[in-house]
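Asks: Shown below is the structure under consideration.
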Amino acid sequence: MHCFAATAWPTAIIIEFIRDTPLLVQLFFLYYGLPIFGIVLPAFFTGALALGLQYSAYTSEVYRGGIDAVPRGQWEAAIALNLGRVHLYRDIIVPQAIPRIVPAMGNYLVSMLKETPVLSVVTVVDMLNLANLIGDRTFEYLVPLSLVGLIFLLLTMICSAGIHWLERVLPKNGIALR
């Protein structure tokens, strides 16, 4: 009912493969493995692609769970009203699924933010890497690393506050998209 039969199995296999392999392995494959096949990607693009693939696989399951959590009666009522697939999802299902997925999506947002230092293995210079470079030059690591820790703390607190705000303002029974 939710997926097209021809794409359900291949999509499930790809999502499971991406979810079951570590981000670091994916980064190494994209940055160091793909050039063997003649595909050379810039470091920043490789990092963004790896993070995007990893977290899109996880969040796809969040969306699926949110859609599956919409009561069966809502589906049946929409079918009884002879709503098309676009109207069914746009007007009935997605507005009820959104409040259900906000907490999990917020967790993934914070996790993705905190995973950015891993990108340094493919030469992406992030805040933590820059703090280490400053420490290497000045032999003073406490201040730059503390600042990076505070910046990460501040960013994650802002994201968490935004997610908590969304949880409070979104109606529990769904939102009106029109």
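Asks: Between Ile39, Ile79, which is surrounded by fewer than 13 Cβ atoms within 10 Å (Cβ to Cβ), farther than 15 Å from Gly174 by Cβ and in contact with a helix residue (DSSP H, G or I) (Cβ under 8 Å, 6 or more places away or on another chain)? Break it down stepwise before answering.
Replies: Working: Ile39 fails: in contact with a helix residue (DSSP H, G or I) (Cβ under 8 Å, 6 or more places away or on another chain).
Unique residue meeting the criteria: Ile79.
Asks: Sticking with this one: Any idea which of (1) surrounded by 13 or more Cβ atoms within 10 Å (Cβ to Cβ); (2) among the β-branched types (Val, Ile, Thr); (3) under 30 Å from Asp68 (Cα atoms) is the one Ile158 doesn't satisfy?
Replies: (1)
Asks: Residue by residue through the stretch 39-92, note down the ones that are of a type in the set (Gly, Ala, Ser) and closer than 30 Å to Val125 by Cα. It would help to see each step written out before you state the result.
Replies: Within the stretch 39-92, the first condition is being of a type in the set (Gly, Ala, Ser), and the residues that meet it are 43, 47-48, 50, 52, 56-57, 60, 65-66, 69, 73, 77-78, 80, 84.
Passing the criteria: Ala43, Gly47, Ala48, Ala50, Gly52, Ser56, Ala57, Ser60.
So that you can scan it fast, the table gives a plain yes or no per residue for (1) polar (S, T, N, Q); (2) part of a helix (DSSP H, G or I); (3) within 29 Å of Asp91 (Cβ to Cβ):
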residue: Val25; (1), (2), (3): no, yes, no
residue: Ile39; (1), (2), (3): no, no, no
residue: Gly47; (1), (2), (3): no, yes, no
residue: Ala57; (1), (2), (3): no, yes, yes
residue: Val62; (1), (2), (3): no, yes, yes
residue: Ala77; (1), (2), (3): no, yes, yes
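Asks: Let me ask something additional. Could you tell me which of the residues Tyr89, Tyr141 is surrounded by 13 or more Cβ atoms within 10 Å (Cβ to Cβ), under 28 Å from Ala43 (Cα atoms), without any contact (Cβ under 8 Å) to a residue 60 or more places away in the chain and of a type in the set (Phe, Trp, Tyr)? Let's see the steps before the verdict.
Replies: Working: Tyr89 fails: under 28 Å from Ala43 (Cα atoms).
Result: Tyr141 is the single residue among Tyr89, Tyr141 that is surrounded by 13 or more Cβ atoms within 10 Å (Cβ to Cβ), under 28 Å from Ala43 (Cα atoms), without any contact (Cβ under 8 Å) to a residue 60 or more places away in the chain and of a type in the set (Phe, Trp, Tyr).
Asks: Give all pairs with beta carbons closer than 9 Å in which a residue from the stretch 47-72 that is crowded, with 17+ Cβ neighbours inside 10 Å meets a residue that is outside any helix (DSSP H, G or I) and of a type in the set (A, V, I, L, M, F, W, C); count only pairs at least 6 apart in sequence or on separate chains.
Replies: Gly47/Val124
Any read-out appearing in this document is the output of simple, stated calculations on the displayed coordinates, not a laboratory observation. These figures come from a predicted structure and were not determined experimentally. Positions of Cβ are generated from backbone atoms using ideal geometry, with glycine treated the same way; all protein chains shown enter the neighbour counts.
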